[in-house]
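For reference, the structure is listed below as structure tokens.
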Amino acid sequence: MSILNLVEREFGRSPSKMRIITLLIRHGLSVKIDPEKNRPEAYLGDLRIPYSSIAKATSTDWRTVRDTLERIRENSVLREFFEKLENAGLFLRQVTSLLGQRCVVVETFHDEPGILAYVSNLLAEKGIN
């Protein structure tokens, strides 16, 4: 069973919990057990994200956030997935001009070999290094 199928099975009947799961994945927030409190907490790298912040961002209650993280904790597959989840880093697309740089964003609609080679060729033809 894929992670997405498992998420759908565990949280699909609750729109508020699905919003929480979506936020965790979109922002690369990991879920780890706080050894002092023995409860799951969300982290962005080493920064703990309070339940209330997640609740506000997802228009839910902090108790719903807590319950969602507890459900993650109880499922070994979801626990492993969210423990290992990492943020991919910052995306400077909106500030490249302020930095005196350019940014190229490649969106694909079909997963086919040769996409990177095609983009590299286009950049080379335009003299962009």
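Listing for the model above:
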{"item": "Some residue of region 53-67 being part of a strand (DSSP E or B), surrounded by 10 or more Cβ atoms within 10 Å (Cβ to Cβ), at pLDDT 95 or above and not acidic (Asp, Glu)", "result": "no"}
{"item": "Of residues in region 88-99 being open to solvent by less than 70 Å² (accessible area, probe 1.4 Å) and assigned to a loop (DSSP other than H, G, I, E, B), the one modelled with the highest pLDDT", "result": "Thr96"}
{"item": "Only one of Arg48, Arg26, Arg13 that is surrounded by fewer than 18 Cβ atoms within 10 Å (Cβ to Cβ) and part of a strand (DSSP E or B)", "result": "Arg48"}
{"item": "Residue list for region 23-62, restricted to those being within 17 Å of Glu10 (Cα to Cα) and in contact (Cβ under 8 Å) with a residue 40 or more places away in the chain", "result": "Leu24, Ile25, Val31"}
{"item": "Matching option when the condition is touching a residue at least 12 places away in the same chain (Cβ under 8 Å) and within 30 Å of Met1 (Cα to Cα), among Val104, Val65, Val119", "result": "Val65"}
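The values are calculated or read from the model by the stated rules, or taken from the named source; none is laboratory data. As the structure is a prediction and not an experimental result, all values here were calculated from the model. Here Cβ is always computed from backbone atoms with ideal geometry, including for glycine, and neighbour counts include all displayed protein chains. Heavy atoms of the whole protein, side chains included, go into the accessibility calculation; ligands, DNA and RNA do not. Shrake-Rupley method; radii C 1.70, N 1.55, O 1.52, S 1.80 Å.
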